[in-house]
Structures are given as structure tokens and as C-alpha cells.
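Student: Once you've had a glance at the structure underneath, I'll fire off some questions.
The values are calculated or read from the model by the stated rules, or taken from the named source; none is laboratory data. Given the structure is predicted, the values throughout are model-derived calculations rather than measurements. Every residue, glycine as well, gets a Cβ built from its backbone with ideal geometry; the counts of neighbours run over all protein chains shown.
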Ligand code: ATP
């Protein structure tokens with residue numbers, strides 16, 4: 001064990017799925033995926049400090065919708081799981097500063113879980129080996145391992161079996177944040193329902209080679225041509241107003257746009273930083289979203305930014 005710290009703050013990124021290929025539902029209710037994750041520069045911060053008992057607080061946009069009950073909050077569940085692994089009490093106060101939209105298709109809860117694991121591991125001096133931490137992440141949720149690792153990765157299985165992907169340079173993104181969230185399970189159910197209704201039998205999900213090449217080459221135009229999200233039709237079915245957001249981004253000069261994961265956040269790829277700023281300004285002015293944020297990806301995974309006694 002290393003020497004314990006008194007307060008630890010971890011910064012953890014949001015993600016966009018540049019490709020999300022969804023297979024049919026499995027016997028366990030999950031779907032097999034080919035999930036190409038890219039971490040982007042919208043972050044939550046998770047701070048861990050010693051306490052008599054496990055407690056969570058949360059501030060920032062949408063924080064009223066984050067459950068603070070330790071059995072429901074993903075950061076608290078992460079702390080409990082890590083403490084159990086080491087046979088100690090999860091005596092920690094966790095504070096989440098949210099900037100990732102809640103229920104926004106950007107893995108906000110997963111980010112908080114990964115952030116809490118790293119923050120508690122540092123606070124408690126438990127020095128959990130990385131492979132063990134990744135196992136805990138996968139137990140907590142399909143997207144949690146990627147939140148720890150960041151960068152770009154292909155997720156197989158239900159998204160938790162990760163292979164890192166090479167990326168050249170940075171891609172410029174704009175995220176149109178929506179009012180209210182969408183439930184990820186509800187969007188998967190709608191995807192299954194629409195496929196059943198149309199008699200569609202999805203093929204085994206596979207990553208698109210041209211998309212992986214575009215990431216490796218840092219080619220925004222090639223990436224724009226290959227962006228794909230099998231959940232987009234379902235998200236649009238549940239939230240038809242997203243069509244206007246996607247149209248507004250295209251009209252503002254984005255190279256391409258898509259729904260981020262299960263939505264309702266919409267993601268737009270831009271040529272460069274200036275184009276991204278223009279697309280963000282147009283989206284904000286257009287009134288089809290709550291806010292628009294320009295940023296870049298890939299971003300680093302969960303990172304300790306402050307640790308002191
Ligand atoms: P994903 O992109 O991984 O499908 P999401 O980004 O759409 O997920 P989240 O922000 O992770 O959605 O929230 C999903 C639900 O998880 C919320 O509605 C909330 O009830 C619950 N939740 C539990 N803990 C947290 C947390 N720490 N932060 C946000 N949501 C949490």
C-alpha cells in the first residue's frame with residue numbers, strides 16, 4: 001500500500017461513439033456491439049475525502065437528476081466495490097462536479113464511476129493493479145472501462161472488452177446539449193422494437209475499416225463520411241425534435257453530425273477549431289438545443305489532478 005492522501009480530485013472525460021454497431025439482443029438482455037469510443041474534452045470532476053460513512057454530493061447542470069443514494073449513484077457503487085475488494089469500509093465523501101450532460105449519451109455516470117475508483121484508490125493508498133481496476137469498471141457498467149482508459153478504443157462484447165486505437169492529432173467536435181435526457185435502456189428497447197416491426201435482422205456488429213483508418217490518419221473528412229450510430233433512428237423516434245438539431249448543425253457547416261450514443265446529445269464533426277466555433281455559435285443562436293460546446297478529442301482518460309494531505 002502507498003501512503004494515503006487526504007483529498008483526491010480526478011478529472012474524467014465524456015465520450016462520443018464515432019461508430020456504434022448494435023447486434024440483436026443477447027440472452028442476458030445486453031446487445032453485442034462494435035463500439036468505437038472517442039473521449040472528448042467535456043469533463044466531470046470527482047473528489048474523494050475521508051468521512052465516517054459513504055456520502056455523495058453533486059453539483060452542476062442536471063445534478064438534480066443524479067441519484068445521491070449510495071446504492072444508486074454509480075460513483076458511490078464504485079467506492080463500495082473497491083472497498084470490498086480490499087476488505088475495508090467505504091468511508092469516503094464523494095463530490096461530483098458535473099459538466100457531462102446527465103442521461104445525455106456521453107457516459108456521464110460511467111465517467112463518475114471510473115473517477116471514483118481512481119480517486120478512492122489513491123485516497124486509500126490501495127494501489128489496485130490496473131487490470132483489477134478494469135475488472136471492477138466492467139462490473140459497474142459497459143462504458144466504465146473506457147472512461148478509465150480514455151483516448152480512442154474499440155469496445156466489443158457489450159462494449160467492455162477494449163482494444164486501444166491509434167489516432168493522429170485531434171478532431172474538432174461540437175456537442176449540442178439537449179433539455180432533459182434519454183434513458184439508455186429505453187433507446188435500446190426502441191431500437192429492437194423498430195427492427196422487429198421492420199423485420200430487420202442486424203448482422204454481427206463489426207467496426208468499419210475506413211473509420212479506423214480515418215482515426216489513425218487524423219482525416220476529419222474521411223471520419224465524417226464513416227460516422228455511424230445504429231441507435232440514432234431509435235433516439236430520433238423517441239425524441240423527434242433532434243432532427244431539427246441535426247439539420248441546424250449541418251446547415252451551420254459541420255462536416256457531419258450524429259446522435260451521441262443513446263442521445264439526446266448531438267455531436268458534430270468540424271473541419272478545424274474556427275469551424276467548430278462557428279457551428280457552436282450557430283447552434284446556440286438557432287434555439288434547437290440548450291447549449292452548444294466546441295471541444296476536441298481524443299482526451300485523456302481518468303486523471304488525478306489534485307492529491308494532497
Ligand atoms: P451512456 O452514454 O453510458 O449510455 P448516459 O450518458 O446517457 O449513459 P448517464 O449520465 O450515465 O447517461 O445517466 C444515466 C442514469 O444513471 C441517470 O439517469 C441517473 O439516474 C443514473 N446515475 C447514477 N449515478 C449517476 C452519476 N454519478 N451521474 C449521472 N447519472 C447517474
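Student: Would you mind telling me which numbered condition in (1) out of contact with any helix residue (DSSP H, G or I) (no Cβ under 8 Å at 6 or more places or on another chain); (2) over 28 Å from residue 32 (Cβ atoms) residue 286 fails?
Tutor: Here residue 286 clears every test but (1).
Student: All but one of (1) touching a helix residue (DSSP H, G or I) at 6+ places or on another chain (Cβ under 6 Å); (2) within 12 Å of the ligand (Cβ to nearest atom); (3) at pLDDT 95 or above hold for residue 167; state the number of the condition that does not hold.
Tutor: (2)
Student: Still on this structure: Of all residues in the stretch 90-101, which are assigned to a loop (DSSP other than H, G, I, E, B) and within 16 Å of the ligand (Cβ to nearest atom)? Please lay out each step first, then the result.
Tutor: Step one: list which residues in the stretch 90-101 are assigned to a loop (DSSP other than H, G, I, E, B), which gives 90-91, 98-101.
Across the stretch 90-101, the qualifying residues are 90, 98, 99, 100, 101.
Student: Pick out the one residue from 155, 159 that is at pLDDT 95 or above, under 25 Å from residue 32 (Cβ atoms), within 16 Å of the ligand (Cβ to nearest atom) and not assigned by TED's automatic domain parsing to the domain that holds residue 256.
Tutor: On inspection, the qualifying residue turns out to be 155.
Student: So which of 87, 60 is over 14 Å from residue 116 (Cβ atoms), out of contact with any strand residue (DSSP E or B) (no Cβ under 9 Å at 6 or more places or on another chain) and either at pLDDT 95 or above or near the ligand (Cβ under 10 Å from one of its atoms) (or both)?
Tutor: 87
Student: What number of residues within the stretch 102-126 satisfy the criterion of being more than 6 Å from the ligand (Cβ to nearest atom), part of a loop (DSSP other than H, G, I, E, B) and out of contact with any helix residue (DSSP H, G or I) (no Cβ under 7 Å at 6 or more places or on another chain)?
Tutor: Selection size over the stretch 102-126: 1.
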